[in-house]
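Reading through the structure tokens given below for one structure.
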Amino acid sequence: MLKDYKQFVTSKRAVFGGVGIQIETIAVHPLLMPFQRDIVRWACAKGRCAVFADTGLGKTYIQLEWARLMGKNTLIIAPLTVARQTVRMAKDISLEVRYVRSQDQVTPGHALWITNYEMIEHFDASQFGAVVLDESSILKALDGKTRRLLTDMFADTPYRLACTATPAPNDRTEIGNHAEFLSICKMNEMLAMFFVHANKETVTEVNGYTLRKKQSNDNGQEWRLKHHAEESFYHWMATWAMSIRRPSDLGYDDDGFNLPALTIHPHWLDFDYRPDDKLVFTGLEGLSDHRNVLRKTLDLRCAETARQVNGDTDQWIVWCHLNDESAMMAGLIPDCVEVVGADSPEKKAEAIEAFQDGKYRVLVTKPSIAGFGMNFQNCHQQAFVGLSYSWEEWYQAIRRCYRFGQTQPVDVHVVMSTVEREVYETVMNKERVARSMAEQLITHVRNYEMNQLSQPTADDVNLTVQAATVTGEKWTAMLGDSCQRLTELKANSVDLSVYSPPFADLYTYSNSEFDLGNSKDYAEFFRHYAYIIREVLRVTKPGRSTCVHTADIPAMAVRDGYIGIKDFPGDVVRAYEAEGWVFFGRAVVAKNPQAQAIRTKAKGLLFTQLRKDSADSRPAILDHILIFKKPGENAVPITPVLHKEMDNETWIDWASGIWTGISESDTLQYTTARDANDEKHVCPLQLGTIERCIKLYSNPDETVLTPFMGIGSEAYEAIRLGRKAIGIELKQSYFDTAVKNLREIERVTRAPTLFDWQEREAES
């Protein structure tokens, strides 16, 4: 069993081994720098991968050389202005890249082609063996048409490369779009493995008052990286994504790649903004509110920006977001050239090249037009006529000047009204998140031998997880992986097992591959769970039972593809039956729907939903106690009546199948079991539920097993009711709390009570 289990745990490790080809260093064009050659060789070996390289590190040369070495008919897709630049740069390494607008222009006998994103619908992906996405951050939009088109269109393309300096400009979940495009894994799989839904609250100071505002996506929630999964997430990314900010990240000298100083100059303009429908301004409410502010402050911001630019003789780039801003700035700055979206590609290129050559002192344009892929080291002064919420536009625009090769300090002036402070803070916060992600990914990439990344084998996985055993008079607590520690128990040695398993992919308790909750999807959870079910069957006496606490699981659109309920109890029944157990019964624990609605914020339970559309209303999710029996005859009858643990009236109540009178708060204290990285889901089973299972299906002095001990609730009740207990727990903090609880109940049950003394007196 252990050998098979070892192989399974190995398969849980999210590692992409690569599907490409091995390239010798000598085969890479000598113009490329040593660190660039290493990246090219790594990318060729992977075959499908991403290069998240900072601006100025030569992504264009890297992707061109990758395309050449893969030896396939390759289509490069880039922003229009970048496409023209790529054609020119290809000549530096003796390559000819032809710009095309449709499949009809792709002719036999040539290998390297480039087009812009707006043209991809006019191509047949099956005619290409490789594809490159230049500025692949275009994949960021979760529901974007372009992202979906690119992912579906090139799903069967053997080799794929994605390149950008800003892979996740808004949050880490956007990495999933790259993973999906590269066929590393589905977005839903990534979210299940590493993320959890969490409400987001922003705190803003307004007129001396603290304003708290809930921000959420369309589902009322956002995805947050699980505390436990952070290490695993970046380990996984490092197997298919390369991140680099400077050559030293890969162990090379930074000579020639040192950047000058960068200074941000915010210019805050006083503006008394009163929304049309409010007496007092309490913060911007969405994009429309922000756009309203931008329109009302147009003259103010443009005048201040023009004052900054016209008071200097250096070259400037003025970044605008609205057409009105661009038009006004062009009128206020006499020696400028304006590049707008309506210009032809030729006119845009001519104007930009003229600015690069110094023929114009000031370039007025938008980040969406000239903010990606362009080189403007000729300029070191920039001004933003306001900001959008897009950190990507901000970062990419600044990096047109502030990039390797720039010899002068770069100054960036941001002209904004005072009511837009939260926009500025949002952009700065996104920058901090992006910087953290890059640093962690670089660290993990550095821990690998770049050209020797491979899928780990079963022998690479250490199954000797931390293990310990603590015992009492009637209990044994075992720290470690249940699948392994169950093998230490003798066959047919357990009278009853009672436990609550992890609820599939709903919660993750640790970053260990041995944690059932740490599974990439519902199916992987049940493959892992089967090992537990099988071992519990082996150690259980014939004719005896196991009681499993389960409940239905909410299905979410982003994770599961639909909104509804997953029949987790039914799937557990089928899993048990598949391993040879006999399904013997089910009890349902009554729940208070109002209390559940308050606790979970479930839309389907809210009374207000009845007013909107009761089609989305549902009953409360109930606890299910599933009862299974091991085939065979029970050698020792269980007699709760004889042990004074059951009377006829109680049995009638319990046999109804709906267990009432169980308090949801009747649990062991669990707050001390939570460590600093725990999610909010330490969920001990109610003691009243455990008591009923133990009284019904075991005799005093018999052994009760719980393979998921948690803080020890089942073992605690077993001791209290005069049974023996064996508990297994993977997580150290839970295990420590369980041991404390078991020692306490052992102390309490050992101490004589007043009734004990009275009984002794009567007997004498």
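None of the figures in this text is laboratory data; all of them are computed from the coordinates on show. Small disclaimer: the values here were computed from a predicted structure and weren't measured. Here the Cβ is made from the backbone with ideal geometry for all residues, glycine too, and neighbour counts use every protein chain on show.
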What are the trypsin sites (Lys or Arg not before Pro) within segment 346-382 that DSSP puts in a loop, where the Cβ has at most 15 other Cβ atoms within 10 Å?
LYS359
For the residues ARG41, ARG224, what sequence is obtained by ranking on other C-beta atoms within 10 Å, fewest first?
ARG224, ARG41
Note: the chain, point scatterers on Cα, Debye, no solvent; log10 I/I(0) at q = 0.05, 0.07, 0.09 Å⁻¹ equals -0.36, -0.65, -0.95
Per DSSP H run of at least 4 residues, take -39500 (n - 2.57); add these up for the chain, divide by its residues and hand me the 222 nm value, nearest 500 deg cm²/dmol.
-10500 deg cm²/dmol
Once the Cα atoms of helix 732-750 and of the chain are each reduced to a long axis, what angle between those two axes, in degrees from 0 to 90 to the nearest 10, is obtained?
20 degrees
Using the per-residue mean of other Cβ atoms lying within 10 Å as a proxy for protection, in what order, highest first, do the peptides 130-137, 249-256 fall?
130-137, 249-256
Return P(r) of segment 34-107 (all Cα-Cα pairs; 10 Å bins starting at 0; whole %; ordered from short to long distances).
17, 52, 28, 3
Taking only the alpha carbons of segment 262-437, what extent do you get along each of the three principal axes, in Å, biggest first?
52, 40, 31
Roughly what would the spin-label model give for LYS740 and ASN592, points 7 Å off Cα along C-beta, in nm?
2.7 nm
Take each of the peptides 164-175, 702-713, average the number of other beta-carbon atoms within 10 Å over its residues, and list them starting from the highest.
702-713, 164-175
How high is the FRET efficiency from ALA342 to VAL641, r the C-beta distance, R0 56 Å, rounded to 0.05?
0.05
Nearest 10 degrees, 0 to 90: helix 323-332 Cα axis against the chain principal axis
40 degrees
Skipping prolines and chain starts, which residues have an amide H placed within reach, meaning under 5 Å, of the one on HIS267, given they are 5 or more residues away or on another chain?
VAL414, VAL415, MET416
Cα convex hull volume per residue for segment 1-124 (Å³):
161 Å³
For segment 346-354, what does the Karplus curve 6.51 cos²θ - 1.76 cosθ + 1.60, with θ = phi - 60°, yield as ³J(HN,Hα) per residue in whole Hz, taken in order and with x for Gly and Pro?
5, 5, 4, 4, 4, 5, 5, 5, 5
Using only the alpha carbons of segment 524-563, what is the convex hull's orientation-averaged projected area in square nanometres?
3.9 nm²
Cβ neighbours within 10 Å, averaged per peptide: list 68-78, 689-699 in order, most packed at the top.
689-699, 68-78
Out of all DSSP beta bridges in the chain, what portion is antiparallel? Express it as a percent rounded to 5.
35 percent
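Tell me, what is the FRET efficiency for ASP324 and ARG88 to the nearest 0.05, using R0 = 30 angstrom and their Cβ-Cβ distance as r?
On the way: r = 34 Å, r/R0 = 1.12.
The computed FRET efficiency comes out at 0.35.
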Tabulate in residue order the Karplus-calculated ³J(HN,Hα) for segment 307-322, using 6.51 cos²θ - 1.76 cosθ + 1.60 with θ = phi - 60°, rounded to whole Hz; enter x for Gly and Pro.
4, 5, 6, 6, x, 9, 10, 6, 6, 10, 10, 10, 9, 10, 10, 10
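Just want to confirm a number: the relative contact order over segment 355-440, from Cα pairs under 8 angstrom separated by 6+ residues, in percent.
In percent, rounded to a whole number, it is 31.
List the relative contact order of the chain as a percent without decimals, with contacts defined as Cα pairs under 8 Å and 6+ residues apart.
Once divided by the residue count of the chain, the mean separation gives 11 percent.
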Only counting other Cβ atoms within 10 Å, I'd like SER500, SER733 sorted with the fewest neighbours first.
SER733, SER500
Measure of compaction for segment 117-159 (Cα Rg per 2.2 N^0.38 Å)
1.11
Please state, to two decimals, what the Cα-based radius of gyration of segment 80-204 comes to when divided by 2.2 N^0.38 Å (N = residues).
1.23
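Can you sort SER248, SER243 from fewest to most other Cβ atoms within 10 Å of each residue's own Cβ? Intermediate results must be reported in sequence, preceding the final value.
Values: SER248 14, SER243 25.
Listing SER248, SER243 from fewest to most nearby Cβ atoms yields SER248, SER243.
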Rg and Dmax of segment 329-408, Cα atoms only, in Å
12.2, 33
Rg(Cα) / (2.2 N^0.38 Å) computed for segment 2-250, rounded to two decimals:
1.12
